[in-house]
Amino acid sequence: MKKRSLQRISIVLLALVLTMTPLVSFTLFAQEAPQEEQVEVEYHLPASVKVGEYIPALPATQREVVLNHLEPGRWTYLEWDNWPLSTMYFDAHGTFGFAVMSDETGRATFPDRFQGAQCFYAPGPVVFQARYAYVEGEFDDPTEEEYITVGDPFIVTVEEPVIETNAPASIQVGEHLHLETALTNTALTNKDVAYYLDPDNYRHPVDNTGNVWMELIEDENHSRHEPAYQPKVEILEGQDLVAQANQDYTNTLHSSEDLIFTGTGTVKLKVTYQQFATCSCMTPKYQLGGVYVPEQGTNYQTYSPEQIITIQVTEDGQLPDKTDLENLVKEYGDLQAGDYTADTYQKFADALDRAAAVLADPDASQQEIDEALLALREAHQALKLADQTTGEKPPEDNPPTRDLAVPDLMCAMFLLSGIILAGLSLSKHQKQ
C-alpha cells in the first residue's frame, strides 16, 4: 500500500510540474511575440526654443508632424491633446485644423500646424500629444469621441532668459559704479519701452459684449504678440549705503544707472524685467477656456525675470577670504559617521554644518570665517575611531538576499521532476 501511495503522489507531482512548465515558458517569452502594426507619429519640432521665437518663421522641417501606418487614401485630421493654452508658455493664436489625405503607403504629413501669431513668451516645458481622427472630407470637424491618441508626447523646452550685469562682488566705499543690466538668451530685439507704456498701441476697443481683444499692431517695429519688458533696479538692503542716479529704463532689453557707495556693509539689489501684457492669452480665462476676458479687473499672468545682486562695500574693496574653509569642508566631506564614536562625530558634524552655513552666507565677515575654520579643525582632531575606544564597530550590512527568479523556478521544477521519475523507476524495479 505504501508503495502504491508513493507512486500516486509521484504521478500527481509529475503531472503538476509538466502542467506548470508551459505556463512558465509562456511568461518568459510572451513579451517577445510580434505586435500588430499601429499608427506612428513623427514630431518635427525643435527640442528647445527661446522666448520670443516666432514659430511660423522656423524652417518647415521644425514645424510639421507626420503620421505613419494610416489607412491609405483616407482623410485624416490631426489635433493636439492638452493644447498648451494653460501652460503660460505659448501663444496659440491663429491655429486652425485641416485634414490631410494619407498616401498609398499610409503616410500623411501635416505641413504647418502653427498658422498665425504663435510666439513663445515664458520659459518651461510645452507638451504636445498628437491625436488623429478619420473624416470624410478635408473640412470635416471630428467629434471628441473620434480622436485616437497616438505615440508618446513631445516636449519643447522654452529656455530661461538670463539677466547679465557688470556688478562686482565687492567695491570700495566712496567709489561710483555705472551699473548696466541686460536681458539675454531670448530671440527678441531691443525696443523703446514708451510704445508699451500706452496700451492703446496694442489693444482693440472694447466690443459691445464688454470683452477686449489684445494684440500688437502689425508694423515694421512691433508684431506677432511678441513679449516686451520694462527693466527696473531696486535696493532691497543697504539703502543708507548707496544712492542711485541717472537711471535709464527706456529700453526693453537693457538698463543703466550710476550707483554711489557711501558706507561699508552689504548692498542687495533686485533687477527685474517686468513683462508687459501684450496679449489676451496672458489671462487665466483665455488660457483655460479660450475666451476673451473683460478689460476691467483682469489678472494678467505675465512672466518677469528677476535677479538678486549682492555687493560687499568695504574699506579696501576686498571680499573676506573663504578659500581655506572651502578646501577643508571639501576634504572632510567624505568622512563616515560609522567609523567614529557617536559623541565625537556629532561634534564634528555640527562644526561641519556651521562651516557650510558660513560659506553660503554672502555677508559672512572674515572673523566668522576664521572662527568656523578653527572650530572645524579642532572637531576633526578630536574624532575617535570606534574600534580604538569602546570597541564599537560600524554596523555590517546584511548579506544580500536573492529573489527566486523564473529561470530558477524552472530549474527547480525540472530537478524535482527528475527526482520523481527516478523514484518511479526505482519503485517499479523493486516491485519486479
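Read-outs throughout are calculated quantities, based only on the coordinates presented, and are distinct from any laboratory measurement. Keep in mind it's a predicted model, so treat the numbers as computed, not measured. For neighbour counting, all protein chains shown are included, and Cβ atoms are generated from backbone atoms with ideal geometry for every residue, glycine included.
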Checklist entry - Pulled fully out, how much extra length does the chain show between residue 356 and residue 146, if you take 0.36 nm times their separation in residues and subtract their Cα-Cα distance? => result 69.7 nm
Item to check | 5 angstrom amide H check on residue 121, placed H, neighbours 5+ away | outcome: 52, 90, 91
Item to check | Neighbourhood net charge (13 Å Cβ-Cβ; Lys/Arg +1, Asp/Glu -1) for residue 306 | outcome: +1
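Percent relative contact order of segment 299-378, based on C-alpha pairs within less than 8 angstrom and at least six residues apart?
Relative contact order for segment 299-378 comes out at 37 percent.
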Checklist entry - In a shell of Cβ-Cβ distance under 11 Å around residue 48, excluding residue 48 itself, what net charge do Lys and Arg (+1) and Asp and Glu (-1) give? => result -2
Checklist entry - Using 7 Å Cα-to-Cβ label points, what is the residue 232/residue 155 separation (nm, one decimal)? => result 3.3 nm
Checklist entry - Residues with beta-carbon under 14 Å from that of residue 270, excluding residue 270: net charge, scoring Lys, Arg +1 and Asp, Glu -1? => result -2
Next on the checklist: Report, in listed order, any pair from 270/347; 50/330; 232/330; 50/270 with a Cα-Cα distance greater than 30 Å.
Outcome noted: 270/347; 50/330; 232/330
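Using mean Cβ contacts within 10 Å as the protection proxy, how do 63-70, 241-248 order, highest first?
Peptide ranking by packing, descending: 63-70, 241-248.
Give, in nm to one decimal, the length gained when the segment between residue 387 and residue 324 is fully stretched (0.36 nm per residue of separation minus the Cα-Cα distance).
Computed gain between residue 387 and residue 324 is 19.6 nm.
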